[in-house]
Structures are given as structure tokens and as C-alpha cells.
Amino acid sequence: MPWLERPLLAIVRHEYAAAMRFAEDDAAEVMPAAPSRPCQLYVHVPFCEVLCPFCSFHRVRFNASRTLRYFDALRREIGLYHAAGFRFSDIYVGGGTPTVDADELVATLDAVRATSPVRSISIETNPNHLQPETLRRYRAAGVTRLSVGVQSFDDGLLERMERRGKYGSGAQIRERLALAHGIFPTLNVDMIFNLPGQTMAMLEHDLAALLALGVDQVSFYPLMIARSARHAMQRAMGLADPRLRHPMYERILDTLLPSYRAASAWCFSRVEGMFDEYIVDQDDYVGVGSGAFSYVGGAMYSTTFSLAHYQRRIESGLSGITQRRFLGLKERMRYDFLMRLFGGELRHDYIRARYGRAFPLRMAPELAVMRMIGATRHDADAIRLTRLGMYCWMLMMAEFFNAVNGVREQMREHVRAELDAWNQEATVSVASIGRSSA
Ligand SMILES: C[S@@+](CC[C@H](N)C(=O)[O-])C[C@H]1O[C@@H](n2cnc3c(N)ncnc32)[C@H](O)[C@@H]1O
Ligand code: SF4
């Protein structure tokens, strides 16, 4: 496999970086047209009590009064989409930490459910917010999947990630997860592998802890860092050994696959239903909030990363979208090829309905290479990933998200002064975390 990794990654790196080039377009008509059927809604809540050094997501330090204003703007923006004809079937609330204000989160979910035929709701949280009575409120508000960021149960690694002081030791996190188990149809745990300083033995302990807890779902991400953020991250956490990535991934598959089904190349589930944030099941999704992406009708959109600009746009009756990019036919095919196979299979009937006979012709080189190296298996009804293919897709998806993280870093750089001022203003002390009512 090592011979394959370099050329594969070089090709997709180049391609994804080109695909993520957006054009600034600060105008009202940037809002996409509503699709004919309900789609997925992604809600971004960019607040965290303390910021982790490895994280490239759009997040700032929590500030209670600004958070109230932000949630109010979110509900207004969702109202704009509703007025434009959008209806939502599935909601994913990601961050940052969406559970920093439980009342506001529940009010926002209620607002969507009042106007859309919502089937599933997934929310992200951190271990310090796992109070059973608050979790039951979320369940009553329709939440079907709770995703808890753990990363590792190893105290040394938690320390290195600057998460031990905030979210407790591995043993404390396990206790909190045990209390959360059974409240939602799906309890997911987010983990990271190939962390700086992580040995195979540490990974095996993490896997044993997960099996002992018996959580419904595990998302095991490789550490993904935007190129522009690599130096800062390495200074904070040290260097990961890339040679461990493949053996670690194999160990994860060997350990989890007997009792879990691969819902994607990095998400393992005992239950059916919604899985991770990285959408493979729905064609269109709308992202609301500051720093959210959308994919509607073959175009990608991004909202402004400036929280002040976001607030102003919403107050003047505009959506948060300030950037868009129309994807060409071949780019859309490649996007589908990546996303569908990431979920395990690319069905022929799906491809025929979308692209007619053009897909096998235009995608012939990609289809041939992946088949030749043994990454895909061509069945009568679908193309499916082999075990080697799962590793290839995990790598390609990580590259795709490195490209997304690159865009995030670039956009955040434009509003650096605002974000720095916001972070300095925030007043949450580490000691108060864990006693949060959320
Ligand atoms: C962005 S966080 C939001 C939810 C919550 N704040 C948390 O920390 O879990 C969601 C998950 O993204 C994953 N993540 C964040 N940064 C990552 C990185 N650089 N590489 C791989 N996964 C990452 C972590 O597993 C994290 O739990
Ligand atoms: S990993 Fe989660 S808690 Fe840490 S900074 Fe990122 S979003 Fe916030």
C-alpha cells in the first residue's frame, strides 16, 4: 500500500484544492433555489468553552450573550429558507459545541420541527455536557443521535490534546458515556487515530474501551490538518508517524467489524440510520450559521466566516451565504464518486438516473484505476469498496476534508482580527466547565 498512497494523495490533493476555490459574491440572490423534496439541514454553532489545538473547524470561545444573539439569527435564517420553499427532513447540528446553551438549541430544533417534516436530528457535544436530565430534554425535542467527541481515552493523549482538564480523564469520560447510553436511538463516539505520540497499544486500549461500553456507533477519523495549520498544530502536539496510519486503520477494522457494520469508511455502526456529518446519503444539504457549507442543485455555497457580518446579513433579511461555486458535470460526477463510495457503494440505478450513460464514459479513467488496484468490486447492481478500497477512500476523504479545512483557514484568516477579539473577550474559566447546565 505505501507505493500507492503517495501518487493517490498527490492526485486528489491537487483536484480537491482546485474544486474548493470559491468566488466571493456578497449578494442577496446567492441563496440557492429550493429543491423539489425535503433536504438535509446543517446548523453550525461555532462556540466552544476552550479551543483544542488540533481543530480546524470554525469555532470561537463561548460568550453567553453573543451566543443568544447568534441562535436568534440562526432561527431567522432558517425562517428565510422556509419562506423560500425549503423543507428539511434531517437536521445535523455541528460545531463548535452546539450544546453550549441547551435552551437555545432546543428552541431552534422546535422551530424547524414546527415547519418541516423532520425525521432525524443529530447533535454534537462534548463529555462535560453529558448530564442525563439535559440529554432527556434533547430526546424529547426529537434528537435521534447524540455524537460525543472523545478522541481517545488515554490520559496522556488527552493531556496532549489539551482536553483532559476540560473534559476529564479517560475513566471519567467512560463513566459519563455509560450514563448517556440508551437515551437516544444512536449514541455515537468520535475518536481520532494516528495522533502524535499514539502507539498501537494505546489504540488497542481505546478499542477495548469502546467495545466494553458497547456504544451504538463509533466514528474513527484519521488526524486531519489543513496544510496551512500544520506547523502550529505540530508545535502544540508534536508529529504523528504516517507509517502507523495503515496498520492502525487495519486494527480498527479487525476489532470493530465483527460487531459493527461499516456505515462509511470511518464510521462503524451497530444500528441503522443517520451517521456522520459527512453527508453521503442525501443529494442536497443547506448549511446555516457562520462558516457553514451547502451543496444544492450541483453548486457549493459557503456562508461568511465573520460572525459580525453574519449577524448583519441576517438582520437585513439576507441568508449568510457569501460564496458559491457551480460545479461542472465532471466535478459533480467526481463528487458523487467520492461521497457514494465513501458510504460503501455506488448503485448503477442511482448513476443512470442522474447522469444517463455519460458517467461510465466520463469517469472511465477513475473507474479503471480503482478497479485495477483492487479498491473496487464491480457487482451487477453497484460498484462496491473492497477492504483496500475502504483504506483508499478513508485517505481520499481525509484529503477532501484537508481541502475543506484549507478553505476554512483561509476564510478565517480574512477575519482574524475579529475572531481574536472575540476569543479574548470570552470569559469561561476551565474550572467552570463540567458544571455547565447544558
Ligand atoms: C469539530 S468537533 C465538534 C464537536 C465537539 N466540539 C467535539 O469536540 O467533539 C467534531 C469532531 O471532529 C473531529 N475532529 C476535529 N478536529 C479534527 C482533526 N483535526 N482531525 C480529525 N478529526 C477532527 C473530532 O473527532 C471531534 O470530536
Ligand atoms: S474539537 Fe470540538 S471542542 Fe475542540 S475546538 Fe474543535 S469544536 Fe471545539
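The values are calculated or read from the model by the stated rules, or taken from the named source; none is laboratory data. Note that the structure is a prediction, hence the values are computed from the model and not measured. We place every Cβ from the backbone using ideal geometry, glycine too, and count neighbours over all the protein chains shown. Surface accessibility is based on the protein's heavy atoms, side chains included, excluding ligands, DNA and RNA. Shrake-Rupley method; radii C 1.70, N 1.55, O 1.52, S 1.80 Å.
Brief remarks follow.
- Taking θ as phi - 60° and the Karplus parameters 6.51, -1.76 and 1.60, the scalar couplings of the stretch 171-180 work out to 5, 5, 5, 4, 4, 5, 5, 4, 5, 7 Hz in sequence order, x denoting glycine and proline.
- About its Cα centre, the dipole of the stretch 224-340 is roughly 540 debye, where the only charges are +1 on Lys and Arg Cβ and -1 on Asp and Glu Cβ.
- Percent carbon-and-sulfur accessible area, the chain, ignoring ligands, DNA and RNA, probe 1.4 Å: 53
- Label-to-label distance, A171 versus A107, with points set 7 angstrom from Cα along the beta-carbon direction: 4.1 nm.
- Probe 1.4 Å - accessible area at W422, Å² to nearest ten: 20
- For the stretch 116-181, the Kirkwood hydrodynamic radius from C-alpha pairs, put into Stokes-Einstein at 10 °C and a viscosity of 1.306 mPa s, yields a diffusion coefficient of 125 µm² per second.
- Net charge of neighbours whose Cβ lies under 12 Å from the Cβ of R164, counting Lys and Arg as +1 and Asp and Glu as -1: -1
- In percent, rounded to a whole number, the relative contact order of the chain is 22, using alpha-carbon pairs under 8 Å and six or more apart.
- Cβ-Cβ distance of A212 and E162, R₀ of 22 Å, FRET efficiency by 1/(1 + (r/R0)^6): the value works out to about 0.25.
- Expressed per residue, the C-alpha convex hull volume of the stretch 296-422 stands at 130 Å³.
- Charged-residue dipole, Cβ positions (Lys, Arg, Asp, Glu), the chain about Cα centre, Debye nearest 20: 600
- For the chain, the solvent-accessible area works out to 40 Å² per residue, with a probe of 1.4 Å and every protein chain left in place.
- If you bin all the Cα-Cα distances of the stretch 152-256 at 10 Å, starting from zero, the percentages per bin are 14, 45, 33, 8, 0.
- Pairs of alpha carbons in the chain separated by more than 28 Å make up 49% of all such pairs.
- Note: relative contact order over the stretch 337-388, using C-alpha pairs below 8 Å and six or more positions apart, is 42 percent.
- √(5λ) per eigenvalue of the Cα gyration tensor, the stretch 280-365, largest first, Å: 32, 12, 10
- For the stretch 78-162, a Kirkwood hydrodynamic radius built from all Cα pairs, placed in the Stokes-Einstein relation at 25 °C and 0.890 mPa s, yields a translational diffusion coefficient of 173 µm²/s.
- Theoretical FRET efficiency, 1/(1+(r/R0)^6), r = Cβ-Cβ of H205 and R387, R0 22 Å, to 0.05: 0.35
- Relative contact order of the stretch 137-250, taken over Cα pairs closer than 8 Å and 6 or more residues apart, is 31 percent.
- Once the C-beta distance of D420 and D349 is scaled by a Förster radius of 60 Å, the resulting FRET efficiency is 0.75 to the nearest 0.05.
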